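Enquirer: Can you read through this structure? Questions will come right after.
What follows is calculated from the coordinates using simple rules that are stated; it is not laboratory data. Please read these numbers as outputs of a predicted model, since none were measured by experiment. So basically every Cβ, Gly included, is an ideal-geometry build from the backbone, and we count neighbours across all protein chains shown.
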């Protein structure tokens, strides 16, 4: 009797077990035979927010100051640009004498209007000179982005904010200031803005109008090469920061390398904690480098290139000059686009943007790496 | 055209491990990865002085040299353990219950775990011992699981009676059947939200395997991040002569007469009789294989399966040490399963996972994870509100964490990053950005997947691994899936 019961239990268990698999067959049999969907809303949104790269048309060039111009773009497809966090940058690809250059520029237009993106450029390097002299309204360029990590973040940052900005670097800060005032219930926002002369100030009228509109917004203009009433003279100083009752406020700093070198010790002496200070990313070029020549061998898949490189030039610059296409983006050692493997050679490099796993296996960012010997590099 | 023995698509955990394993066994392997680095979501990113882990940063089923878990044993075959640095967590988990403000903290090791449950729920001991006994039966049976549905069920039943009997059951009915007190059932079944499926759907077999390995071997926190493991495995694969191409998104898997012949990337073709896909079957059948060559039953299978959880992650770098030891925390609104069940499709952000890790310089890292199911995230997100929504949801998660742990976080946030299903979709191309593959549910639980995989392979030479593979999703599970796929290919070749 017991055996029969056991047998029945066994039979039932086995039947249930087998049914697990037969049930799967049965369910699938009645399912749709259409090709499966692989694009879901999150995938489509990802493409809209971060398109791979897209064609843009230069629609307007505006002279802002003596050596700063703004360039307005629309998308060639007539679509809106992707929404962006104020402070973001794009990269613009430019072909000059058969060489391809890619440069990062902050978006200087408001994040509220996505019909157009504006970038604001100071005449300096090879690409900006090209934009100043040769770019015409109607020209088409390839753009990527938006990218970046220099944003006001309400979960992290204080409700009282101080911007320390130099010259054309107001470009990326301007949409951030607009956003702080319009969207983030900021209690107070002070901008200390340094330029050489009064004529070098970007968007003076807009800034002054904003001061009238928002009682919690205040601008201090600082001129380094012109003495004028109502303007501070010199560089952004400890005294000017003290005037802002700076304690406990978030700092956003954007300017040329020299400005950071000038401001960092000041903020340190004022005991501003590191976590309250946010820098626009920038690359530090070491000063003690000479123009010594080495060979750079680059492996890319099945191809090998050997080109000259110099101790006072980044490996990225050498590749760019010699038409070795390295995928770059931020060009200041942060974003990781250009990450390459150092197979041999000695370098001087900034490792702050590298992760532990990268360092273990000798990955570097060529955009912030200077050769000290012959170099063999693998790019991806 | 370059010829290989096998081509692996995707350098996630599964792809990396299958590539390593095939190469180690003398095969010539090409690994293709669309991103510029290995790891899939076993990766990290830097912000200021913090390196955040996109994966869980905790290894389960790992253990250590003197008490090696299955993952440790797998890594040992490839001499990886000497290069993996981990910190053992004393406790397996900390469950915070919001409505009753109760806390349940469980140490590792079966005996200690049972003792602790007895303290929380007196009278649970005997049933807990039975539970772990069943876990061992399941583990024993599954380690000898046949390649196909067993041909002689009588013999299979005689050898593994408990396994056969338990196989059709979900978790809670089994725990009730062994007379585990209700409270203990609630505690034991509430913690595992990060499995990416619902406790009501998960089979007891799967649950037993996971809980047993968590409790027996504890959790090992990686000294740095999962990206170190990814770079390590990629390095070992290259050292064996393997080839990796980054920035290489496969456009087409070439087939002929229902057999894999190679892949196409841009204008380049690579030939191989085996293709291992560490990507979603929906992407493979939906766009990578010539429409007329896609088997209709493969479409039917893909269309019937349900996507697993979509993750919403908040990465916080804090300028303070946290008072918690490194450990996984789970917050649930209640232990009442009926309430939980009712909310199961809108659990965000009521159910949270938090991992705490101390950084150098007396700073710390807190990573919070919340889960969306079905189209819950898609319904609330729009292009226009995307960035604002991210902040809003992250803020809700931090508030919940603060209210339950009574630990203030917001004033100490030095760095913050937020990843949404959109972020994961961009990075992985997985459908709707799921990081959990397909939902473990009914006919799509562990056993049906394992026992039907050969029968369901309609294109010879095409294998799947990773979170969409047969071992389901999970940090360790994806490594196993890669290793198993390699084993199958090697056996077939012989």
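Enquirer: Using only Cα atoms and rounding to the nearest 10 degrees, what angle (0 to 90) does helix A:2-29 make with the longest principal axis of chain A?
Expert: Relative to chain A, helix A:2-29 is tipped by roughly 50 degrees.
Enquirer: Report the Stokes-Einstein translational diffusion coefficient (µm² s⁻¹, integer) for region B:113-216, Rh taken as the Kirkwood radius over Cα pairs, at 20 °C with viscosity 1.002 mPa s. Don't jump to the answer; show the numbers that get you there.
Expert: Numbers: Rh = 14.4 Å.
After rounding, the answer is 149 µm²/s.
Enquirer: Counting every Cα pair in the protein assembly as shown, what percent are over 37 Å apart?
Expert: Working: 189085 of 381501 pairs.
In whole percent, the share of Cα-Cα pairs in the protein assembly as shown beyond 37 Å is 50.
Enquirer: Still on this structure: Suppose R0 equals 56 Å; then what is the FRET efficiency for residue A:230 and residue B:457 from their Cβ-Cβ distance, rounded to the nearest 0.05? Don't skip to the answer; put the middle values down first.
Expert: Numbers: r = 79 Å, r/R0 = 1.40.
With a Förster radius of 56 Å, E is 0.10.
Enquirer: Round to the nearest 0.05 the FRET efficiency obtained for residue B:399 and residue B:325 when R0 = 30 Å and r is the Cβ-Cβ distance.
Expert: Values: r = 23 Å, r/R0 = 0.78.
So the FRET efficiency works out to roughly 0.80.
Enquirer: Can you tell me how region B:22-107 classifies by the Cα gyration tensor, rounded, prolate or oblate, using a/c under 1.5 as the rounded cut? Provide the component values of the computation, followed by the final result.
Expert: Numbers: a/c = 2.58, a/b = 1.50, b/c = 1.72.
Oblate shape, in that a/c is at least 1.5 and b/c is the bigger or equal ratio.
Enquirer: If you don't mind, another one. Given Cα pairs under 8 Å that are at least 6 residues apart, what percent is the relative contact order of region B:113-216?
Expert: Numbers: 81 pairs, mean separation 37.1, N = 104.
It comes to 36 percent, rounded to a whole number.
Enquirer: Another question, if that's okay. For chain A, what number results from the quotient of the Cα radius of gyration and 2.2 N^0.38 Å?
Expert: Values: Rg = 27.6 Å, N = 380, 2.2 N^0.38 = 21.0 Å.
That works out to 1.31 for chain A.
Enquirer: Partner chain Cβ atoms within 10 Å, averaged over the residues of B:283-290 - can you pull that number for me?
Expert: 3
Enquirer: Restricting to DSSP H runs of at least four residues, report the calculated mean residue ellipticity at 222 nm for chain A, -39500 (n - 2.57) per run over all residues, nearest 500 deg cm²/dmol. Each step should come with its number before you reach the end.
Expert: Working: 9 runs with 99 residues, N = 380.
Here the helix-only value at 222 nm equals -8000 deg cm²/dmol.
Enquirer: Moving to a separate point now. What is the calculated FRET efficiency for residue A:183 to residue B:111, with r their C-beta to C-beta distance and R₀ = 51 Å, to the nearest 0.05? Show your work: numbers first, answer last.
Expert: Details: r = 56 Å, r/R0 = 1.10.
Result of the calculation: an efficiency of 0.35.
Enquirer: Right, here's the next one. Once label points are set 7 Å from the Cα along Cα→Cβ at both residue B:337 and residue A:269, what is their separation, rounded to one decimal in nm?
Expert: Rounded to a tenth, the inter-label distance reads 6.8 nm.
Enquirer: Using a ≥ b ≥ c from the Cα gyration tensor of region A:232-296 (square roots of the eigenvalues), is it rounded, prolate or oblate, where a/c under 1.5 gives rounded and otherwise the larger of a/b and b/c decides, a/b for prolate?
Expert: Working: a/c = 3.21, a/b = 2.23, b/c = 1.44.
Prolate, since a/c reaches 1.5 and a/b exceeds b/c.
Enquirer: Would you mind checking the tilt of helix A:257-269 against the longest principal axis of the Cα atoms of chain A, expressed as 0 to 90 degrees and rounded to 10?
Expert: Helix A:257-269 sits roughly 90 degrees off the main axis of chain A.
Enquirer: Here is a follow-up. Based on the mean of other Cβ atoms within 10 Å per residue, sort peptides B:286-297, B:175-186, B:312-323 so the most packed one is first. Provide the component values of the computation, followed by the final result.
Expert: Details: B:286-297: 15.7, B:175-186: 18.2, B:312-323: 20.7.
The densest-packed peptide leads the list: B:312-323, B:175-186, B:286-297.
Enquirer: Taking the Cα centre of each part, how many Å lie between region B:11-62 and region A:299-370?
Expert: Answer, in whole Å: 22.
Enquirer: First check a/c for region A:293-378, with a ≥ b ≥ c the square roots of the eigenvalues of its C-alpha gyration tensor; if it is under 1.5, answer rounded, and if not, answer prolate when a/b is larger than b/c or oblate otherwise.
Expert: On the way: a/c = 1.37, a/b = 1.34, b/c = 1.02.
The shape class here is rounded.
Enquirer: Semi-axes of the equivalent ellipsoid of region B:397-453: what are they in whole Å, largest first, if each equals the square root of 5 times a C-alpha gyration tensor eigenvalue?
Expert: Values: eigenvalues 253, 64, 11 Å².
In descending order the semi-axes read 36, 18, 8 Å.
Enquirer: With an 8 Å cut-off on Cα pairs and a minimum separation of 6 or more residues, tell me the relative contact order of chain B in percent. Walk me through the numbers on the way to the answer.
Expert: Numbers: 980 pairs, mean separation 120.7, N = 494.
Reported relative contact order: 24 percent.
Enquirer: Let me ask something additional. Place the peptides A:277-289, B:213-225, B:354-366, B:55-67 in order of packing, highest mean first, counting for every residue the other Cβ atoms within 10 Å and averaging per peptide. Write down the numbers at each step before the final one.
Expert: Details: A:277-289: 15.1, B:213-225: 22.0, B:354-366: 18.5, B:55-67: 20.2.
Ranked by mean Cβ neighbours within 10 Å, highest first: B:213-225, B:55-67, B:354-366, A:277-289.
Enquirer: Can you give the average number of partner chain beta-carbon atoms within 10 Å of each beta-carbon in peptide A:76-87, as a whole number? Intermediate results must be reported in sequence, preceding the final value.
Expert: Details: counts 0, 0, 0, 0, 1, 0, 2, 7, 1, 3, 1, 0.
Shielding by partners across A:76-87 averages 1.
Enquirer: Using 0.36 nm per residue of separation minus the Cα-Cα distance, give me the extension gain between residue A:31 and residue A:302 in nm, one decimal.
Expert: Numbers: separation 271, 0.36 × 271 = 97.56 nm, distance 4.52 nm.
Answer, rounded to one decimal: 93.0 nm.
Enquirer: Sticking with this one: If you stretched the chain out fully between residue A:197 and residue A:361, how much longer would it get, using 0.36 nm times the residue separation minus the C-alpha to C-alpha distance?
Expert: Details: separation 164, 0.36 × 164 = 59.04 nm, distance 4.88 nm.
Taking 0.36 nm per residue and subtracting the Cα distance, the gain is 54.2 nm.
Enquirer: Take every residue in peptide B:455-464, count the Cβ atoms of other chains within 10 Å of its Cβ, and give the average of those counts. Walk me through the numbers before you get to the answer.
Expert: Numbers: counts 3, 3, 0, 0, 0, 0, 0, 0, 0, 0.
Rounded to a whole number, the mean comes out at 1.
Enquirer: Within 10 Å of each residue's Cβ, count the other Cβ atoms and sort B:299, A:309 from fewest upward. Before the final figure, lay out the partial values.
Expert: On the way: B:299 22, A:309 27.
With the sparsest Cβ surroundings first, the list reads B:299, A:309.
Enquirer: Same structure, new question: Compute the angle between helix A:170-183 and the longest alpha-carbon principal axis of chain A, please, reported from 0 to 90 degrees and rounded to the nearest 10.
Expert: Orientation of helix A:170-183: about 70 degrees from the principal axis.
Enquirer: Given only helices, namely DSSP H runs of n ≥ 4 each adding -39500 (n - 2.57), what is the per-residue ellipticity at 222 nm of chain B, to the nearest 500 deg cm²/dmol? Don't jump to the answer; show the numbers that get you there.
Expert: On the way: 17 runs with 181 residues, N = 494.
Result for chain B, helices only: -11000 deg cm²/dmol.
Enquirer: Let me ask you something else. Evaluate the distance, in nm, between pseudo-label points positioned 7 Å from the Cα of residue A:12 and of residue B:271 along their respective Cα→Cβ axes.
Expert: A separation of 5.8 nm, rounded to one decimal place.
Enquirer: Could you give P(r) for region A:46-147, binned at 5 Å from zero, as whole percent values over all Cα-Cα pairs?
Expert: Bin by bin from 0 Å, the calculated values are 2, 13, 25, 28, 19, 9, 3, 0.
Enquirer: Using Cα-Cα distances under 8 Å and only pairs 6 or more residues apart, what relative contact order does chain A have, in percent? Before the final figure, lay out the partial values.
Expert: Numbers: 696 pairs, mean separation 45.4, N = 380.
12 percent.
Enquirer: If I build a Gaussian network model for chain A, linking alpha-carbon pairs within less than 10 angstrom, which residue out of A:241, A:359, A:90 has the largest mean-square fluctuation?
Expert: Of A:241, A:359, A:90, the most mobile in the Gaussian network model is A:359.
Enquirer: Using a Gaussian network for chain A with springs between C-alpha atoms less than 10 Å apart, which of these wobbles most: A:29, A:327, A:60?
Expert: Maximum fluctuation in the GNM of chain A, among the listed residues, is at A:29.
Enquirer: Neighbour counts of other C-beta atoms within 10 Å: give me B:5, A:271, A:19 arranged from fewest to most.
Expert: Numbers: B:5 18, A:271 8, A:19 13.
Listed from fewest to most nearby Cβ atoms, that is A:271, A:19, B:5.
Enquirer: Taking the inverse of the average 1/r across all pairs of different Cα atoms in region A:143-284, what Kirkwood radius in Å do you get?
Expert: On the way: mean 1/r = 0.0647 Å⁻¹.
It is 15.5 Å.
Enquirer: While we're looking at this one, here's another question. Modelling each spin label as a point 7 Å along the Cα-to-Cβ direction, I'd like the residue B:65/residue B:120 distance in nm, to one decimal.
Expert: For the pair residue B:65/residue B:120, the computed spacing is 3.4 nm.
Enquirer: Calculate I(q)/I(0) for chain B by the Debye formula, one identical point scatterer on each C-alpha and no solvent, and give its log10 at q = 0.10, 0.11, 0.12 Å⁻¹ to two decimals.
Expert: Cα-only, vacuum Debye calculation for chain B: -0.76, -0.94, -1.13.
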